[in-house]
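S.K.: After the structure tokens below, expect a handful of questions from me.
The values are calculated or read from the model by the stated rules, or taken from the named source; none is laboratory data. As the structure is a prediction and not an experimental result, all values here were calculated from the model. For neighbour counting, all protein chains shown are included, and Cβ atoms are generated from backbone atoms with ideal geometry for every residue, glycine included.
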Amino acid sequence: MNSPISVLRPQRPSWTLTVVGARDVTPRMREVSLIGDLAAFAYKPGQDLLLSLPTAAGTARRHYTIRRFDPAEQRLDIQFVLHGASPAADWARDAKHGDALVAEGPRGRTCVSGAADWRLFTGDETALPGIAAMIEGLPAGERAFAVIEVGSTADEQPIETAASLELRWLHRQGPARAPSQALIDALAAFELPPGVGQACVIGETATVRAQRQGLIARGMAKAQIAAEGYWRPGRIGGHDHIIEPDFFGLGRGRERAGARG
């Protein structure tokens, strides 16, 4: 008999991708462009791919958010935070035309969903590619707010959208902290607009948990909040899906493998 978790894990499609370009978007963010036979590829902005990255020690499997997808060119752009030595950052630094890898997906529940009067996005630079993809996918008439923490002004990226966007950048002037009190305080000070909202809260796990709890305490329904921890100190790989106890009928929340390193 299958366990409850195995039933919820259908096999993801697999794609062979080839590098066609790489560039530094900011001093600490590198974008790699990949093509493949992606005619059947379908995803929601904010979802990610499980990348099998070749390294000297073998294969490193890491989740990375899709920054953009061009169906006409069948090209994916994925951004990597360059935060020291790690399998993913090292691969991105050295990526050259013709390099190949295998990706599985897309996957993930952190995306724009449901009818809402306004959307809220918050996270650090690990969340920036996903936040930008979601905001840029919003149609005209949508109202969006974003609070994004990066190291400095040099780490900001332009976000172009047809939606009405109010964007606030936080500059910590140093390495990422866990938790980020600046992000927690900024969200606590944000005045929730009237009407029904949806919040996508992503980044460092302890920060995400505190922000989610703060939104719930202020009256947002749990179903209105998509929350996911992309990283936490001392962890090599892994996402933390911030979900309710007993969501899977197992008596506690669950942490799933993924990665940002």
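S.K.: Could you list, in sequence order, the residues of the stretch 180-222 that are touching a strand residue (DSSP E or B) at 6+ places or on another chain (Cβ under 9 Å), over 22 Å from Thr126 (Cα atoms) and outside any loop (DSSP other than H, G, I, E, B)?
M.R.: Gly197, Ile216
S.K.: Got at least one residue in the stretch 222-234 being loosely packed, with under 15 Cβ neighbours inside 10 Å, free of Cβ contacts under 8 Å to residues at least 40 places away in the same chain and closer than 17 Å to His83 by Cβ?
M.R.: Among the residues of the stretch 222-234, at least one is loosely packed, with under 15 Cβ neighbours inside 10 Å, free of Cβ contacts under 8 Å to residues at least 40 places away in the same chain and closer than 17 Å to His83 by Cβ, which makes the answer yes.
S.K.: Can Ala57 be described as surrounded by fewer than 17 Cβ atoms within 10 Å (Cβ to Cβ), of a type in the set (A, V, I, L, M), over 23 Å from Trp231 (Cβ atoms) and not assigned by TED's automatic domain parsing to the domain that holds Gly195?
M.R.: no
S.K.: Hey, another quick one. Is it the case, given these coordinates, that Ala103 is under 17 Å from the mean Cα position of the chain (by Cα), at pLDDT 95 or above and either closer than 30 Å to Thr161 by Cα or buried (at least 23 other Cβ atoms within 10 Å of the Cβ) (or both)?
M.R.: yes
S.K.: From Val201, Val196, grab the single residue that is at pLDDT 95 or above, farther than 30 Å from Leu51 by Cβ, aliphatic (A, V, I, L, M) and assigned by TED's automatic domain parsing to the domain that holds Glu149.
M.R.: Among Val201, Val196, only Val196 is at pLDDT 95 or above, farther than 30 Å from Leu51 by Cβ, aliphatic (A, V, I, L, M) and assigned by TED's automatic domain parsing to the domain that holds Glu149.
S.K.: For Trp15, all conditions in the list (1) over 19 Å from the mean Cα position of the chain (by Cα); (2) modelled with pLDDT of 95 or more; (3) assigned to a loop (DSSP other than H, G, I, E, B) hold save one; what is the number of the exception?
M.R.: In the conditions (1) over 19 Å from the mean Cα position of the chain (by Cα); (2) modelled with pLDDT of 95 or more; (3) assigned to a loop (DSSP other than H, G, I, E, B), Trp15 misses (3) alone.
S.K.: Output the qualifying pairs, or none if there are none: Cβ atoms under 8 angstrom, residues six or more apart or on different chains, first residue in the stretch 40-52 and touching a residue at least 12 places away in the same chain (Cβ under 8 Å), second residue in a loop (DSSP other than H, G, I, E, B) and of a type in the set (Val, Ile, Thr).
M.R.: Within 8 Å, the pairs are Lys44/Val112; Pro45/Val112; Gly46/Thr110; Gly46/Val112; Gln47/Thr110.
S.K.: With the checklist (1) in contact with a helix residue (DSSP H, G or I) (Cβ under 9 Å, 6 or more places away or on another chain); (2) within 21 Å of Thr65 (Cβ to Cβ) in hand, flag the one item Pro129 doesn't pass.
M.R.: That leaves (1) as the condition not met.
S.K.: Which residues, taken from the stretch 60-74, are over 15 Å from Ala95 (Cα atoms) and either of a type in the set (Phe, Trp, Tyr) or surrounded by 12 or more Cβ atoms within 10 Å (Cβ to Cβ) (or both)?
M.R.: Arg61, Arg62, His63, Tyr64, Thr65, Ile66, Arg67, Arg68, Phe69, Asp70, Gln74
S.K.: In this structure, is Glu191 among the acidic types (Asp, Glu), in contact (Cβ under 8 Å) with a residue 40 or more places away in the chain and not assigned by TED's automatic domain parsing to the domain that holds Ser14?
M.R.: no
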